[in-house]
Structure formats: C-alpha cells, structure tokens
Amino acid sequence: MEPATQTVSLKPNDASRQTERTYKFSDLIAPPAVRERWEKVRKYFFLRESTYDMSNRCNIRCNGCYYYEGEKQFTQERRDPAAWRSLMRSEKARGITYVVLAGAEPSLVPDLCQVCFDEMPLGAIATNGLKRIPDAINYKIHISVWGNDETSFKIRNARNMLQRQVENYKSDPRAVWVYTFTRHNIAEAPQVVRTLARNQCKVTFNIFSAPVGYAGDLSHTAKSLQSTRKVMAELLDQYPEHVLYSHYNIMAHTHTQGLHALFGCSYPRQNPSTDIGLGRSFRQYRTDLSWDRSAACCVPDTDCVDCRHYAAGSAVVTARLYRHAVDPETFQSWLDYVDTYLAVWVMEYQKGANLISKPVPPPGFDLPPS
Amino acid sequence: MPREVDSIIVRIAEIMISELKLEDVTPEGFNPDMDLVDEVGIDSMDLATVALVLRDEYSVRIDEDDYPKLTNIRLIAEYLHGKMAA
C-alpha cells in the first residue's frame, strides 16, 4: 500500500513538528481481510447506548464497588414493571438501541430485566453471577471476577465465587467473565483464566479504576499496569479462543495515561456537547428512573483521571474512528478493538482473529514502557 | 463560491447516500439544510465515516472537535470550501 500524500502534523506528545505519512481511507480498507472486518463492524454503528441502575440492593458488598460510592445508592427503587416498560419505550423513541443494566445487582430484579429485554432486544447485564438470570433475557451477561476465590472472599465476602459463577453460566452463550485487574490480583489471573478456559467460558479484561475519593489499595501504579500488560499479553496468546481481547485493548487500558487523556472521553460528564454522539444521547438512569447529565457516564463515580474501565473504553475508543484512520497498523488495531467490543457486548457477534499481533501506540502518544 | 459550494453539496449528498445506504433520497433531492442528526438520523460514527471519504476526495481533514458544528450538508460543504480556500 502506497501512502497517498505526505503531510506534516503536530503530535500532542511532541511539540516539534514531525513528518508523517497520511494514507487514504480507501487504501486503508483495501486489503480484503481489512475490508471484510470494516464491513463487519460498521453494521453495528447504529448502536446507541444508555445505562440503568436496576436495584439499590446487592447480595454481596465489594471493596471499591462503584454503586456504593456517591449518592446514587440512596435513590429509591422504582419496582413497577409498567414504569420500566414506559421508560424503555421512551428511550427507544429518542433513538436508544442498546441498554446496559447494571447496579447494584440486576439479577435480584429479573422481572424488570425481562421488561427491558421485551422492549429493547440488544443489551448487556453486569452481574456478580451468583444468581442465574433467566434464559429468556437474551442479553450479554458480564460476570465480574476480581481474582481467585481466596481474594474474592477477602474483598467481596463471597465464598467459592468462581465455582458458583461457572456452575450458573457454563456453556451459556450470553456469558462473558470480566476479570478486573487490581494492583494485587495480577498473578492470580492465569489461574482464573485457566479455569474458565477449561470450562469453555469466555473472558475479557477490565482494569480497576478508582472511584472519586477512593482511599483503598486496589488502585494501579505504573509498575502494576506494566505487570498487568505482560500478563494480559501472555493470556491472550495462550487462550485465543477464550480471551476476548486484542493487543490494542491491552495498550489502551494499561497505558500510563488514562482513557480520557488518550482519547478524550465522549460521555456527557466530560463532554459538554449535546449536538451529536454520546454527549447527545447517553443517559445513566438511577433506580428511581431519574438521571443527571453532570454525572452521566457508564461508571458515574469513577475518578476520570484514573479511568481505564472496559465499558468506558468500549465507547470512547470505538468512537475515535477518524483519528485511528491514519496508517494501516493504527487502523487495524482500532478494528481489533471494535471487533472485541462487539464480541463482548452483542449477542451472536463472533470475534474474528486479531489483525494486529503487537502493541501499537494510540494516535499522538508513545507506547508505555515494556 | 455559491456554485462551488453547490457542487460540493451534491457530492456530499452522493457520498452520504452511498456510504450510509440511505433510501428514498437522491443527491439532487437531498435538502442541504436538513438536520443530519434530528432529521436524517445519522450519528457520530456515520459522520466520521463520511468525513474519511471526504478526506480522500478533497484532501481536507475534518477535525473531530468540529463535528458538532456540522449539522447539515450545507455547513459541511462550506467547511470544506473554507478549508480548501485557506
């Protein structure tokens, strides 16, 4: 592939002007495998998400839980299915096509989840996996894992957590385990992923991102991010059929800079524009069905500077198509990221093999130290 | 300038119809003042796709920060025309 033009651009990480090739978009999507992937992912550009706290109750209490930070935990529950049905209809009317049912524990209100599914067929549920969600609710189910069972007992006060999650969701095509790397559970990930792979379960990765004012010891350091990066790459190479991730995911989520610094968060909390995109359509509803634009993002009480959350990245990195269409490696890395996002979040979507097998820096930034 | 902008408007309409697979509309019949978000139903990913095709055709970068200003085809055409003239 030949570069179409040669331009000079100013990179944000370097005040000096650097010479940089610019590729035509038509050249970037010319290779058949790339075009095929582009056509595959762009079919889902219609997805417009919002998120919903379903209940103010949970059957466990975890150190660093987003739900029980801030004031939303004190919101009253709206338990009337008719009110939820009406909300879903009005959401559809304003263009929402995808729902994320989260906090505190949606599996405790299956009737409300069912109403959401009946009205909005695409979505995901974030759950601790201890109570099985009925099969009729055909959303992706994200099951949180925070280390091995010993660690889970220590920070989540739940015994045999992984075993119980696997018993509930083994062979369930809806289920994706989400392993959250904290500063202290990095070495446990291989053991957990091995168990999941042995049970034919799919797993993706998250990075603990501290809530505002968090004073616990789970937050990452540059060194723990580096260790996480190494373990993620090993697991991705070792379990390509079970680990839903890419090298660009690893880079984007373990970089010393957070997602907002790297990509510019497009959720309303950091984005004042109401004209287009997430700034226009995204809402985060509390259990009483109210919402507040100033707090609206997928993890509302996260410290934005520390945010490397998998759900945030799924929207923030994906939205930055234009800036990734600069050269073949950067664009194909972005395609790998979007392919991963869709496999994690959309029922029936099958992840392809990653196009890029090495870390590529985000546009305008360097790779973090290896 | 108006004639140049008019020809860019028609080309943008052609690209939008083709890239976004819009139905029941022709380039000539595409109202250039129609709000792309509210009335056509396109969103940021659609606009980014169109912006990349326009970048190929006119060698003009449409800055991501400028998307919110580009709410109809006429504004996009004037934006491109302004950048080409600069």
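Computed from the coordinates by the stated procedures, all read-outs in this text should not be read as laboratory data. From a predicted model like this one, the values you see are computed outputs, not experimental measurements. Don't worry about glycine lacking a Cβ; one is built from the backbone with ideal geometry, like all the others, and counts go over all protein chains shown.
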Counting only other chains, what is the mean number of Cβ atoms within 10 angstrom of the Cβ of each residue in peptide B:61-68?
4
Tell me, what is the percent relative contact order of chain A, built from C-alpha pairs under 8 Å that lie six or more residues apart?
18
Please report how far the C-alpha centroid of the range A:69-107 lies from that of the range A:301-370, rounded to the nearest whole angstrom.
28
What residues have an amide H closer than 5 Å to that of A:ILE125, excluding those fewer than 5 places away on the same chain, when H is modeled at 1.01 Å from N in the peptide plane?
A:LEU101, A:LYS140, A:ILE141, A:HIS142
Whole angstrom only: what separates the Cα centroid of the range A:226-242 from the Cα centroid of the range A:159-191?
15
Ordered by packing density, taken as the mean number of other Cβ atoms within 10 Å over each peptide's residues, highest first, how do A:303-316, A:208-221, B:19-32 rank?
A:303-316, A:208-221, B:19-32
Other chains' Cβ within 10 Å of B:46-52 residues: what's the mean?
5
By the gyration tensor of its Cα atoms, with a ≥ b ≥ c the square roots of the eigenvalues, what is the shape of the range A:31-345: rounded for a/c under 1.5, prolate for a/b over b/c, or oblate?
rounded
Treating the angle as unsigned and between 0 and 90°, give the value, to the nearest 10°, between the Cα long axis of helix A:222-238 and the longest Cα principal axis of chain A.
90
How high is the relative contact order of the range A:58-163? Use alpha-carbon pairs under 8 Å, at least six apart in sequence, and give a whole percent.
26
Roughly what would the spin-label model give for A:GLN226 and B:ASP24, points 7 Å off Cα along C-beta, in nm?
6.0
Would you grab the residues whose amide H sits under 5 Å from the one on A:ASN206? Only those 5+ places off in sequence or on another chain, please, with H modelled 1.01 Å from N.
A:TYR179, A:THR180, A:PHE181
For A:LYS43, give me every one of the lysines with a C-alpha distance below 20 angstrom, ignoring sequence neighbours fewer than eight places off in its own chain.
A:LYS92, A:LYS140, A:LYS351, B:LYS21
Label A:GLU241 and B:LEU75 with points 7 Å out from Cα along Cα→Cβ: what is the distance between them in nm?
5.1
Simple spin-label estimate for A:ARG89/A:THR75, 7 Å along Cα→Cβ, in nm, reads 2.2
³J(HN,Hα) across the range A:332-343 via Karplus (A = 6.51, B = -1.76, C = 1.60, θ = phi - 60°), whole Hz, x for Gly/Pro?
5, 5, 5, 4, 4, 5, 5, 4, 5, 4, 5, 5
R0 = 30 Å: FRET efficiency of A:THR256 with B:GLU39, Cβ-based, nearest 0.05?
0.10
For A:ASN138 and A:SER26, compute 0.36 nm times the residue count separating them, minus their Cα-Cα distance, and round to one decimal in nm.
36.6 nm
